[in-house]
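I have placed the structure first, in the form of structure tokens, so that the comments after it can refer back to it.
Every number in this text was worked out from the coordinates using simple rules, so none of it is lab data. Please read these numbers as outputs of a predicted model, since none were measured by experiment. Ideal geometry is used to build each Cβ from the backbone, glycine not excepted, and the neighbour counts take in all protein chains shown.
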Amino acid sequence: MAIKVLIVDDAAFMRMMIKDILSKNGYDVVGEAENGLKAVEKYQELKPDLTTMDITMPEMDGIAAVKEIKKMDAGAIIIMCSAMGQQAMVIEAIQSGARDFIVKPFQPDRVLEAVRKAVG
Ligand SMILES: [Mg+2]
């Protein structure tokens, strides 16, 4: 069965870009969320195998969302989507239980490599 993915980013074009890369490579994008609060809700509802998580978002940021999701499901597999200059936040996310990170602008090969490693 295809691996179920939840994509979290406040920018619609970023979600579209990741969705495009993953669905072309056999992953099943089951949901999207545009902030951390919605991400937590969708995670509970959809129980994805993997979540890609933006850091800077309104309502609740990606770091807080990782902490919430990990509280509900210690085995959650989350990959952070970061921008240049967010190293400190990436470290905090990893310490909070995120598996890996990818840096914007996204390179399809790097996205797929991180996803394969995370779920493999
Ligand atoms: Mg953002």
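The amide H of Thr56, built 1.01 Å from its N in the peptide plane, has Gly62 as neighbours under 5 Å, considering only residues 5 or more places off or on other chains. For Val103, the residues 5 or more places off, or on other chains, whose built amide H falls under 5 Å of its own are Ser82. Each Lys or Arg adds one and each Asp or Glu subtracts one; over the other residues with Cβ under 13 Å from the Cβ of Lys70, this totals 0. Would you work out if segment 1-94 is rounded, prolate or oblate? Take a ≥ b ≥ c from the square roots of the eigenvalues of the alpha-carbon gyration tensor; rounded if a/c is under 1.5, else prolate when a/b is larger than b/c, oblate otherwise. Since a/c reaches 1.5 but b/c is at least a/b, the shape of segment 1-94 is classed as oblate.
Taking every lysine pair in segment 4-119 that is 8 or more places apart or spans two chains, those with Cα atoms closer than 18 Å amount to 23.
Here the simple spin-label model places points 7 Å from the Cα toward Cβ, and for Lys47 and Leu112 these points are separated by 3.0 nm.
Can you give the helix-only mean residue ellipticity at 222 nm for the chain, where every DSSP H stretch with n ≥ 4 adds -39500 (n - 2.57) and the sum goes over all residues, rounded to the nearest 500 deg cm²/dmol? Intermediate results must be reported in sequence, preceding the final value.
Values: 5 runs with 55 residues, N = 120.
So the calculated ellipticity at 222 nm is -14000 deg cm²/dmol.
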